[in-house]
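*Asks:* What follows is a single structure, and I will ask about it in a moment.
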Amino acid sequence: MDQYAYEASDKTGRVIKGLVEADSIDAAEDIIRYNKLIILEIKPYLTPNEKLTSFFSSIFKKVGARDKAVFAKQLSTMINAGLPLMEALKSLTKQTPNRNLVTVIYKVIALIEKGRSFSFALSQFPSVFPPVFVSMVRSGEASGKMDKVLGDLADQLEGDYAMRSKIKSAMVYPIFIMSVMGGVGVFALVFILPKLETTFTESGGKLPVTTMLLIQLSHFMINFWYIVLLVIVGGIVFLKYFSAIEAGQRTMGWLALKVPIFKKVNLGMYIAIFARTLGLLVVGGVPIIRSLSMVSMSIGNVLIERELKQAILEVEKGVPLSVPISKSKYFPPLVSSMISVGEQTGKLDAILLNLATIYENETNDLIKGLTALLEPAIMLIIGIGVAFLVISIILPIFQLSSVF
């Protein structure tokens, strides 16, 4: 049997963390509920060695959201065309370019051949297929509408991927410019400045403070380049590891919601993901408590995840979802108002999907504005960099030429 780590709450609201052994995640949930606990989060338990392996695997053996979206879309199309599930999966092993995903598909096929359900087979690979994906597939199995469910799931994955990609794309240009500037600076320090240093010192003239600073930096880069390289590589590895642990996730979550300019974009993205994922789960007939638990784990920000877990406790007591959402310091009043309307009219799923569309459009507009704002800011930074080089290198050369 496998072990599952869970976070749950008892009737008094006390949060309990522990491990449970079960044949599947569904069986683990049943055991926890049997003990009269409210599930806030449940996932496969990993030993320290397995966590380390998973950490490096996430770097070198990644299956991205785009890969999963294409997988769901192609599988939906094949099933809709009348192709049996097993034949469709075997066909995907020949069409899928991501070899890591192909390996997982083969393992899923092997489990189905042993009599396991499709949803159970997917649940055995939580690093590739998260709980939301598995629950949607399970609802498709129960309703007999696997093709539609997979199509909706693909649309959701593509929407989330597109939104996150737009935010990343908005940062590509400034990162590229800053990288080029850094590369030019390093080239000047290592190859150009040493050749000019002798000329500067032999002239006997007083050099600008910035020039002296660059000369000292040049010496350090040439003599201790391996330290610089070690710091850069170590910094990248540390950031990757830090973002994977709880303290790092809290810090990253706080920064995402506090840094000016970016906080509105990030919050809009989180709300859109929350509304669309919850809406699709409600459409699929997944119970609201379980839906909220899965949404909290897929939102991508531990601070919002914490508030959603608090909402689960209140909803479990019979409080409408709109009430804890209205108390949240992250969700705007529009969100709780629309959820309240959905609860009163019995159309919560449609309201949530409409809400997702609203925030997706709003976030896209914010990203366009952010991109337009970054361009003049980058030009200003380039101007400052050029001015610094002129003062530090060009000006001393000009002074020397005027003396001779």
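*Asks:* What residue among I378, I289, I167 has the largest mean-square fluctuation in a Gaussian network model of the chain, using Cα springs under 10 Å?
*Replies:* Most flexible of the set in this elastic network: I378.
*Asks:* What angle, in degrees between 0 and 90 and rounded to the nearest 10, separates the Cα long axis of helix 193-203 from the longest principal axis of the Cα atoms of the chain?
*Replies:* The angle comes out near 30 degrees.
*Asks:* Taking just the alpha-carbon atoms of the stretch 280-332, what radius of gyration and Dmax come out, in angstrom?
*Replies:* Cα radius of gyration and Dmax of the stretch 280-332 are 10.6, 29 Å respectively.
*Asks:* About its Cα centre, how strong a charge dipole does the stretch 72-228 have in debye, to the nearest 20, once Lys and Arg get +1 and Asp and Glu get -1 at the Cβ?
*Replies:* Details: 15 positive and 10 negative charges, 63 e Å.
Taking the Cα centre of the stretch 72-228 as origin, the dipole is about 300 debye.
*Asks:* Hey, another quick one. Using a simple charge model, +1 on the beta-carbon of Lys and Arg, -1 on the beta-carbon of Asp and Glu, nothing else, what dipole does the chain show about its Cα centre, in debye to the nearest 20? Don't skip to the end; give the middle numbers.
*Replies:* Values: 40 positive and 32 negative charges, 41 e Å.
That gives a dipole near 200 debye.
*Asks:* Could you put S123, S218 in order, starting from the residue whose Cβ has the fewest other Cβ atoms within 10 Å? Don't skip to the end; give the middle numbers.
*Replies:* On the way: S123 23, S218 20.
The order, fewest Cβ neighbours first, is S218, S123.
*Asks:* Which listed residue (A22, Y34, Y4) has the Cα farthest towards the positive end of the charge dipole for the stretch 2-45, taking +1 on Lys and Arg C-beta and -1 on Asp and Glu C-beta about the Cα centre?
*Replies:* Farthest towards the positive pole: Y34.
*Asks:* Can you tell me the equivalent ellipsoid semi-axes for the chain? Use √(5λ) from the Cα gyration tensor, largest first, whole Å.
*Replies:* Values: eigenvalues 514, 128, 95 Å².
After scaling each eigenvalue by five and taking roots: 51, 25, 22 Å.
*Asks:* HN-Hα J couplings of the stretch 322-329 from phi, Karplus 6.51/-1.76/1.60, θ = phi - 60°, integer Hz, Gly and Pro as x?
*Replies:* 4, 5, x, 5, 5, 7, 5, 8
*Asks:* Please state, rounded to one decimal and in Å, the Kirkwood hydrodynamic radius that the stretch 2-45 gives when every pair of distinct Cα atoms enters the mean of 1/r. Mind dumping the intermediate values first?
*Replies:* Working: mean 1/r = 0.0991 Å⁻¹.
In the stretch 2-45 this quantity evaluates to 10.1 Å.
*Asks:* Counting Lys and Arg as +1 and Asp and Glu as -1, each charge on the Cβ, what is the dipole of the stretch 164-404 about the Cα centre in debye, to the nearest 20? The partial results should precede the final answer.
*Replies:* Numbers: 19 positive and 13 negative charges, 54 e Å.
That gives a dipole near 260 debye.
*Asks:* Another one. Quick one, what does Rg over Rh come out to for the stretch 164-404 if you take C-alpha atoms and the Kirkwood Rh? Write down the numbers at each step before the final one.
*Replies:* Values: Rg = 26.5 Å, Rh = 22.1 Å.
Expressed as Rg/Rh, it is 1.20.
*Asks:* In deg cm²/dmol and to the nearest 500, what is the mean residue ellipticity at 222 nm of the chain if only DSSP H runs of at least 4 residues count, each as -39500 (n - 2.57), divided by the residue total?
*Replies:* Rounded to the nearest 500, the figure is -24500 deg cm²/dmol.
*Asks:* Please compute the net charge surrounding S139, taking Lys and Arg as +1 and Asp and Glu as -1 over other residues with Cβ under 14 Å from its Cβ. Please list the in-between numbers first.
*Replies:* Working: positive: R138, K145, K148, R290; negative: D26, E141, D147, D152, D349.
Value of the local net charge: -1.
*Asks:* Follow-up. Provide the net charge surrounding A72, with neighbours chosen by a C-beta distance below 13 Å and charges set as Lys +1, Arg +1, Asp -1, Glu -1. Present the calculation step by step, with values, prior to reporting the outcome.
*Replies:* Values: positive: R66, K68, K73, K148; negative: D67, D147, D152, D155, E158, D160.
Summing Lys and Arg as +1 and Asp and Glu as -1 gives -2.
*Asks:* Which of these, Q124, Q216, Q74, has the largest mean-square fluctuation under a Gaussian network model of the chain (Cα springs below 10 Å)?
*Replies:* Q216
Each value in this text was obtained by applying a stated rule to the coordinates, not by laboratory testing. For clarity, every value in this text was computed on a predicted model and none was experimentally measured. When we count neighbours, we look across all protein chains shown, and the Cβ atoms used for this are built from the backbone with ideal geometry, even at glycine.
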